[in-house]
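Each remark here refers to the structure printed beneath this line.
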Amino acid sequence: MQFSELLKIHISSLAPGNHPDILGDGFLFHKNPVYRAVKSMATKGGASFTEATTQYLLMPFNQLDEIVRLKQIPYVPAARLMNELEAKHPGIFGLEQMPMPESYHLHEAAHVIADACCASVVAETISEKILRALLCESFANTVDALACGYADSDLHRLFIQQNSYMKPAAELSSCLARVRATRGAEFTFRLMLSSYVNANFLREPVSAEPGPLHDDILALHEMVQELDPLFRVTTTQNYFQLQGFPGEVYDLLDFGFAGLLLRSDFADAVTAMARALNVPIERQSDK
């Protein structure tokens, strides 16, 4: 799509509170409830969106602690860059000839929210600290994925791709939409969160249950497992070393995290994460 077309849509979608430098920010804020919930919750919690630094662009995982501590969420000003090019060379460039760098502020904003949701988690042992960290990472992964479930057009999927780690295909969006429509938002949230927790702990996903959504759930499991295993191992190992956790990554991840997740403080953190996305939670007494 040509820069001129994208910029026209981008500008026409902007409203007070949307960011003019973030490509598609207004469009996503108004049309994507996950994107809107994350940006609104992060801002309500005191976070601000700031232009990405060189340090972040080169080594994003090394900046995570600072992002969460300062609540300063980095973005790439793709709309501004496109506007500057379009002003100098009107009608010449499109994303096919001149791809714009992607902005991962949706993922980083989710990290800020996840940290707040985990404020009451008691993490004293290395295993507890690792679970807290990977639960927060899995929530950020889940946010990226769930946003795709509302992308009902090529344009919507393009804006999601420009502002998250996901490259949403139409079939992925359809799978998520079908699961959400059939089983509800809470089931879909917990399905994706648990799938990413397993993936980040380098485990296989839980088998898809028999039923009419078997193929969709299996496809979502496969999508989660497409996270590059080598990248996951290397990045996780580096992060653990930065946190001062000694040992090899496989040894550090070798504990009963699933049982620990059932502990009340971790369970409450998961519920808080769901509520941050405006997911209706069924109370235990209603089950």
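I'd like to check something: does the range 80-89 contain any residue that is touching a residue at least 40 places away in the same chain (Cβ under 8 Å), under 28 Å from residue 238 (Cβ atoms) and of a type outside the set (S, T, N, Q)?
No, the range 80-89 contains no residue that is touching a residue at least 40 places away in the same chain (Cβ under 8 Å), under 28 Å from residue 238 (Cβ atoms) and of a type outside the set (S, T, N, Q).
Among what's in the range 244-277 and is open to solvent by 70 Å² or more (accessible area, probe 1.4 Å) and of a type outside the set (Lys, Arg), pick the residue that is farthest from residue 187 (Cα to Cα).
246
Could you list, in sequence order, all residues of the range 25-42 that are in contact (Cβ under 8 Å) with a residue 24 or more places away in the chain and not aliphatic (A, V, I, L, M)?
Passing the criteria: 25, 27, 31, 32, 33, 35, 39.
Test residue 254 against the criterion of being on the phi < 0 side of the Ramachandran plot and assigned to a loop (DSSP other than H, G, I, E, B), and give yes or no.
Yes.
With the condition being within 26 Å of residue 173 (Cα to Cα), I'd like the helices (runs of 4 or more DSSP H) fully within the range 1-102 carrying at least 3 qualifying residues.
Result: 3-13, 25-31, 33-44.
Restricting attention to the range 77-100, does a residue exist that is modelled with pLDDT of 95 or more, in contact with a strand residue (DSSP E or B) (Cβ under 9 Å, 6 or more places away or on another chain), within 22 Å of residue 146 (Cα to Cα) and buried (at least 17 other Cβ atoms within 10 Å of the Cβ)?
The answer is no, given that none of the residues of the range 77-100 is modelled with pLDDT of 95 or more, in contact with a strand residue (DSSP E or B) (Cβ under 9 Å, 6 or more places away or on another chain), within 22 Å of residue 146 (Cα to Cα) and buried (at least 17 other Cβ atoms within 10 Å of the Cβ).
Out of curiosity, is residue 177 within 30 Å of residue 36 (Cβ to Cβ), under 20 Å from the mean Cα position of the chain (by Cα), modelled with pLDDT of 95 or more and among the hydrophobic types (A, V, I, L, M, F, W, C)?
yes
Residue check, residue 52 against (1) open to solvent by less than 40 Å² (accessible area, probe 1.4 Å); (2) under 28 Å from residue 271 (Cβ atoms); (3) among the small types (Gly, Ala, Ser), all met but one. Which one?
(2)
Identify all residues within the range 161-184 that are of a type in the set (A, V, I, L, M), open to solvent by 10 Å² or more (accessible area, probe 1.4 Å) and in contact (Cβ under 8 Å) with a residue 24 or more places away in the chain; write none if there are none.
Once the filter is applied, which keeps residues that are of a type in the set (A, V, I, L, M), open to solvent by 10 Å² or more (accessible area, probe 1.4 Å) and in contact (Cβ under 8 Å) with a residue 24 or more places away in the chain, the range 161-184 yields 172, 177.
Pull up the range 139-160, narrow it to residues that are out of contact with any His (no Cβ under 6 Å at 6 or more places or on another chain) and without any contact (Cβ under 8 Å) to a residue 40 or more places away in the chain, then point me to the one that is least open to solvent (accessible area, probe 1.4 Å).
Here the residue is 148.
Taking the range 161-184 as the region of interest, how many residues are assigned to a helix (DSSP H, G or I) and not hydroxyl-bearing (Ser, Thr, Tyr)?
Of the residues in the range 161-184, 13 are assigned to a helix (DSSP H, G or I) and not hydroxyl-bearing (Ser, Thr, Tyr).
Residue-by-condition table, conditions (1) more than 22 Å from residue 109 (Cα to Cα); (2) at pLDDT 95 or above; (3) part of a helix (DSSP H, G or I); (4) open to solvent by less than 40 Å² (accessible area, probe 1.4 Å):
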residue: 186; (1), (2), (3), (4): no, yes, yes, yes
residue: 197; (1), (2), (3), (4): no, yes, yes, yes
residue: 209; (1), (2), (3), (4): yes, no, no, no
residue: 217; (1), (2), (3), (4): yes, no, yes, yes
residue: 224; (1), (2), (3), (4): no, no, yes, yes
residue: 240; (1), (2), (3), (4): no, no, yes, yes
residue: 279; (1), (2), (3), (4): no, yes, no, yes
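For the range 107-117, which residues satisfy the criterion of being open to solvent by 20 Å² or more (accessible area, probe 1.4 Å) and out of contact with any Cys (no Cβ under 9 Å at 6 or more places or on another chain)?
Result: 116, single match.
May I ask you to say which residue of 26, 17 is open to solvent by 50 Å² or more (accessible area, probe 1.4 Å) and either at pLDDT below 95 or within 30 Å of residue 180 (Cα to Cα) (or both)?
Matching residue, one of 26, 17: 17.
Residue under question is residue 120, and the condition is that it be buried (at least 24 other Cβ atoms within 10 Å of the Cβ), in a loop (DSSP other than H, G, I, E, B) and either touching a helix residue (DSSP H, G or I) at 6+ places or on another chain (Cβ under 8 Å) or touching a residue at least 12 places away in the same chain (Cβ under 8 Å) (or both); does it hold?
So residue 120 fails the test.
How many residues, within the range 58-76, are in contact (Cβ under 8 Å) with a residue 24 or more places away in the chain and of a type in the set (A, V, I, L, M)?
Total satisfying the criteria: 5.
The values are calculated or read from the model by the stated rules, or taken from the named source; none is laboratory data. Everything quoted here is computed from the prediction, not taken from an experiment. Please note: Cβ atoms are built from the backbone with ideal geometry, for glycine as well, and neighbour counts cover all protein chains shown. Surface accessibility is based on the protein's heavy atoms, side chains included, excluding ligands, DNA and RNA. Shrake-Rupley method; radii C 1.70, N 1.55, O 1.52, S 1.80 Å.
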